[in-house]
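Presented below is the structure to which this report refers.
The values are calculated or read from the model by the stated rules, or taken from the named source; none is laboratory data. Fair warning: this is a prediction, and the values are worked out from it, not measured in the lab. Note that each Cβ is placed from the backbone with ideal geometry, even for glycine, and that neighbours are counted across all protein chains shown. Quick note on the areas: whole protein, heavy atoms, side chains included, nothing else; ligands and nucleic acids left out. Shrake-Rupley method; radii C 1.70, N 1.55, O 1.52, S 1.80 Å.
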Number of protein chains: 2
Amino acid sequence: MSINTAPPRGMRDFSPAEMSLRTYVTGVILDIYRKFGFVQIETAALDSLEFLNSGQGGDNEKMLFKVLKRGEKLELDKPNRSENDLVDLALRFDLTVPLTRFYANQREKLPLPFKVIQMGNVWRAERPQKGRFRQFVQCDIDVIGQKEIFAEIELILASTQALQALSFDNFTVKINDRRILEGLAKYFGFEEKKESFFITFDKLDKIAVEGVEKELLENGFESGQVGKFTAFLKDFSNKTVAEQLDFLMNLEVESKVVEDLKTVIKTIDQASQGKFSVEFDITLVRGMGYYTGQIFEIKMPEYGSSVAGGGRYDKMVGRWLKKEDVPACGFSIGFERIIQILEEKKFEIPQKMEKIALFFDSKEGFMQAVNQAQQWRLEGKIVNLEQKQKNFTRQLDRLAEHGFESFAIFDLAKPLEIKPLKKA
Amino acid sequence: MSINTAPPRGMRDFSPAEMSLRTYVTGVILDIYRKFGFVQIETAALDSLEFLNSGQGGDNEKMLFKVLKRGEKLELDKPNRSENDLVDLALRFDLTVPLTRFYANQREKLPLPFKVIQMGNVWRAERPQKGRFRQFVQCDIDVIGQKEIFAEIELILASTQALQALSFDNFTVKINDRRILEGLAKYFGFEEKKESFFITFDKLDKIAVEGVEKELLENGFESGQVGKFTAFLKDFSNKTVAEQLDFLMNLEVESKVVEDLKTVIKTIDQASQGKFSVEFDITLVRGMGYYTGQIFEIKMPEYGSSVAGGGRYDKMVGRWLKKEDVPACGFSIGFERIIQILEEKKFEIPQKMEKIALFFDSKEGFMQAVNQAQQWRLEGKIVNLEQKQKNFTRQLDRLAEHGFESFAIFDLAKPLEIKPLKKA
């Protein structure tokens, strides 16, 4: 019987080629975020169930990898053990819930506003499918303690700049505000069942106006109101942005909400220098229930789903501090989505360091070649010191395959000559 | 009741200051390893119990964080459930066991020899104590597929160079060979209970010759043999290295083993350029049972325990391939130990990027200041864009505390002036 040495279901190992892309993307994103004054933190991968099951994670809480209690604490013999009697910890399913715990724990030592980067693995016991994994990297920036839209603007600027640094352009930042959605629900008489309305409205992209109409009717919304709403939807998409924003004045929404939306769009548009676009999108809902203000998403025309998303969540951080509100706003780049797109595009990592293979023939040759290799490494080169194999052509081919561009054979009797290494 | 927002027992969250040291150290080590031609991989954090419980991890296998089965697979109602009926995965306790699985799975696509870097978290449910954590980073390089001591030499060169790049010098590389220890056991008649002998001998550092003598006698070793052995130990430490190596010829050890040991010591000594020392240490045992050839450790005089260790393990990788031997050799830098020492030394990270705080007064000022900030960021500066607060002195103090060196106030009416920011 052969042994299955694949990683567990839905998990991945990363090969050297995959890792170098992931490392490159990580480096580019971190560099941009740092230039915006964001600082990186890391929380423990395991957290207590008390936090992870606190109701802030929505459906993600159903997908926890839970960790068995250890030693005496695991009382297996006791009768009627329920699942939660057996476990005490779980792997984090996102980086936002641990961030709120971290902030509550360390806030006195942190700068205010706290502009924070998190990049790390999260785990979800989802049904694996193409592009969906049980362990994946999230890449978040958050601003805690800034109630004004300066936070939103810096988050959008930093995220769009990171995408540009990764060779993306021509994308669209879509912006909306949860309070506008609330106003919309009220305006069309959907307020009493607004959560259900939002869930259906969020599907507009996939099921079109007709699908939304059908689902609202199925869910018991009144047909006259549904008709008014779908007529509005069809009409609204034909309006200019100025007309759209004017319409918002009809909704029972504080004028500051609309003003702020205009300011964000104007500032981002100006900073974009025409390299990407920014637009108000009243149909943007975003899944998580915790958003309280502006919400945003970045879409690329050539790739269906969004590549980044975020928004303001002022009611979440205060929870562990027994405070009503702590202003907070975050933006998350879909790291795995970006990697997938770059791999599909056959993106070539800008090579910074020269890669040389230095061959030696004998043990004596090796001892001498070590010095040559060390010298080249000090000059910033990558040097692979290898014993010359019998099938030298095959050895060279393999090195070329792994990105080596030149080679030299160390021979005490001859001067060292660096030759180019061609890809087979 | 106040909520405990600390991370779980034995786990840590890392603050921005802690993270920047960890990121810096990671970067320095990776840079050196890459220059030696090592390539990075990553395995899944969770692995199946089949691999983690395969007997290669020694006592670490008793410290697994095991993950509860999910959904229908968790048959809680069935009677007499044992612990292992309830779990299917666990968090990895080291990076070597997952590496052997990875290599078996992907070997056909990998370069040969495979020179691999792994840096990542591992988890052990140990009793937490000072400097010992339940989640910690391991930092390993391994060479798979090289049976000659070129592997050993490159591993030691890369590791010592990484330590030097982190400002360490004056350390000692200690080298021994498991086959010499076997020879020693045979020579003094301890062969039948050699595992027990090695465990006691490994404690020499802590319990001295007298302690070793006492423990051997307690464990039933014959007193005449024990006496001969301890006399040898006392005498041996007074010999010169040349005399010590000569003694090895008395042991039933292949001469290649001793020759190889001499070659490694000579090559490393020459490459060290007197910045660190390398020595044969017959008392070096190293805990793990899987070593088959040379073993090594790096010690610093000012810090008791070793900061790096490794060795050859030719019998481990072949296991999943149904092969007898696959040559393999590894070296691991004690990442958490290095961090701890650097923190104790109050090591200052070389600052690469200028950090400026740019203040604005109003929303209009902000929109203009965004452009200035963007320009400075393009020049490679870190720019924190902040609204001027009422208590400006306190705001400046806080920024100085977090490493900002200069500030400027954006005012459309005045030319921009960059002022130094002094640490309070």
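When residues in the stretch A:289-325 are screened for being touching a strand residue (DSSP E or B) at 6+ places or on another chain (Cβ under 8 Å) and within 24 Å of A:Glu154 (Cβ to Cβ), 21 of them pass.
Of everything in the stretch B:311-323 that is more than 14 Å from every other protein chain (Cβ to nearest Cβ) and outside any strand (DSSP E or B), the residue that is modelled with the lowest pLDDT is B:Lys315. The strands (runs of 3 or more DSSP E) found wholly in the stretch B:112-209 and carrying at least 2 residues that are more than 12 Å from chain A (Cβ to nearest Cβ), closer than 24 Å to A:Ser362 by Cα and more than 14 Å from the chain's Cα centre (by Cα) occupy B:172-177.
Taking the conditions exactly as written (at pLDDT 95 or above, open to solvent by less than 10 Å² (accessible area, probe 1.4 Å) and either over 17 Å from B:Arg178 (Cβ atoms) or not polar (S, T, N, Q) (or both)), does B:Val264 satisfy them or not? Yes; evaluated as a whole, the condition is true for this residue.
Out of curiosity, is B:Gly37 on the phi > 0 side of the Ramachandran plot and facing chain A (nearest Cβ under 8 Å)? Answer is yes for this residue.
Can you confirm whether the stretch B:8-16 contains a residue that is facing chain A (nearest Cβ under 8 Å), in contact with a helix residue (DSSP H, G or I) (Cβ under 7 Å, 6 or more places away or on another chain) and closer than 18 Å to A:Ser20 by Cα? Within the stretch B:8-16 (the criterion being facing chain A (nearest Cβ under 8 Å), in contact with a helix residue (DSSP H, G or I) (Cβ under 7 Å, 6 or more places away or on another chain) and closer than 18 Å to A:Ser20 by Cα), the answer is no, since none of the residues qualifies.
Mind telling me which of the residues A:Glu386, A:Glu405 ends up being crowded, with 16+ Cβ neighbours inside 10 Å, touching a residue at least 40 places away in the same chain (Cβ under 8 Å), out of contact with any Cys (no Cβ under 6 Å at 6 or more places or on another chain) and of a type in the set (Asp, Glu)?
On the way: A:Glu386 fails: touching a residue at least 40 places away in the same chain (Cβ under 8 Å).
Unique residue meeting the criteria: A:Glu405.
I'd like to verify a number: residues in the stretch B:79-100 that are surrounded by fewer than 18 Cβ atoms within 10 Å (Cβ to Cβ), within 25 Å of A:Leu49 (Cα to Cα) and more than 8 Å from chain A (Cβ to nearest Cβ), how many? Qualifying residue count, the stretch B:79-100: 2. In the condition set (1) open to solvent by 20 Å² or more (accessible area, probe 1.4 Å); (2) under 21 Å from B:Val137 (Cα atoms); (3) touching a helix residue (DSSP H, G or I) at 6+ places or on another chain (Cβ under 9 Å), B:Asn4 is compliant with all but (2). When the stretch B:389-402 is filtered for residues that are open to solvent by 70 Å² or more (accessible area, probe 1.4 Å) and away from every other protein chain (no Cβ under 11 Å), the ones remaining, listed by number, are B:Lys390, B:Asn391, B:Thr393. Just one of the listed residues (B:Leu204, B:Leu166, B:Leu233, B:Leu248) is out of contact with any Lys or Arg (no Cβ under 7 Å at 6 or more places or on another chain), aliphatic (A, V, I, L, M), at pLDDT 95 or above and open to solvent by less than 40 Å² (accessible area, probe 1.4 Å), and it is B:Leu166.
From the list B:Val143, B:Val137, the lone residue that is out of contact with any His (no Cβ under 7 Å at 6 or more places or on another chain), under 30 Å from B:Leu89 (Cβ atoms), surrounded by fewer than 21 Cβ atoms within 10 Å (Cβ to Cβ) and of a type in the set (Val, Ile, Thr) is B:Val137. Note on the stretch A:328-352: residues that are assigned to a helix (DSSP H, G or I) and either out of contact with any helix residue (DSSP H, G or I) (no Cβ under 8 Å at 6 or more places or on another chain) or crowded, with 17+ Cβ neighbours inside 10 Å (or both) total 9. Restricting the first member to the stretch B:195-213 and to residues that are under 17 Å from B:Asn176 (Cα atoms), and the second to residues that are at pLDDT 90 or above and open to solvent by 20 Å² or more (accessible area, probe 1.4 Å), the beta-carbon pairs closer than 6 Å and six or more apart or on different chains are B:Thr200/B:Glu215; B:Leu204/B:Thr283.
Taking A:Lys174 as the residue in question, decide whether it is modelled with pLDDT of 95 or more and either open to solvent by 30 Å² or more (accessible area, probe 1.4 Å) or more than 27 Å from A:Thr23 (Cα to Cα) (or both). Yes; evaluated as a whole, the condition is true for this residue. Every test in (1) surrounded by fewer than 19 Cβ atoms within 10 Å (Cβ to Cβ); (2) part of a loop (DSSP other than H, G, I, E, B) is passed by B:Gln368 save one, and that test is (2). For the stretch B:105-121, a tally of residues being crowded, with 22+ Cβ neighbours inside 10 Å and over 13 Å from A:Pro16 (Cα atoms) returns 1.
Among residues of the stretch B:255-297 being part of a loop (DSSP other than H, G, I, E, B) and without any contact (Cβ under 8 Å) to a residue 40 or more places away in the chain, the one that is farthest from A:Glu364 (Cα to Cα) is B:Gly274.
Does at least one position in the stretch A:265-283 carry a residue that is acidic (Asp, Glu) and touching a helix residue (DSSP H, G or I) at 6+ places or on another chain (Cβ under 7 Å)?
yes
Among the conditions (1) in the same structural domain as B:Tyr103 (by TED's automatic domain parsing); (2) touching a Lys or Arg at 6+ places or on another chain (Cβ under 7 Å), the only one that B:Glu405 does not satisfy is (1).
For (1) within 20 Å of A:Ile268 (Cα to Cα); (2) at pLDDT 90 or above; (3) more than 14 Å from chain A (Cβ to nearest Cβ), each residue gets a yes or a no:
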| residue | (1), (2), (3) |
| --- | --- |
| B:Gly309 | no, yes, yes |
| B:Asp325 | no, no, yes |
| B:Gly334 | no, yes, yes |
| B:Leu342 | no, yes, yes |
| B:Lys345 | no, yes, yes |
| B:Gln351 | no, no, no |
| B:Glu354 | no, yes, no |
| B:Val370 | yes, yes, no |
| B:Val383 | yes, yes, no |
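Scan the stretch A:292-320 for residues that are among the aromatic types (Phe, Trp, Tyr) and closer than 24 Å to A:Phe236 by Cα and the total you get is 1. When the residues of the stretch A:63-76 are filtered to those that are at the interface with another protein chain (Cβ under 10 Å from one of its Cβ atoms) and without any contact (Cβ under 8 Å) to a residue 60 or more places away in the chain, which remaining residue is surrounded by the fewest Cβ atoms within 10 Å (Cβ to Cβ)? Result: A:Gly71. Remark: pairs (first residue in the stretch B:311-337, on the phi < 0 side of the Ramachandran plot; second residue aromatic (Phe, Trp, Tyr); Cβ separation under 6 Å; 6+ apart in sequence or on different chains) = B:Tyr313/B:Tyr290; B:Tyr313/B:Tyr291; B:Met316/B:Tyr290; B:Val317/B:Tyr103; B:Ala328/B:Tyr313; B:Glu336/B:Phe136.
Checked against the criterion of being surrounded by fewer than 20 Cβ atoms within 10 Å (Cβ to Cβ) and not assigned by TED's automatic domain parsing to the domain that holds B:Thr23, the candidates B:Asp314, B:Asp411, B:Asp325 yield just one match: B:Asp411.
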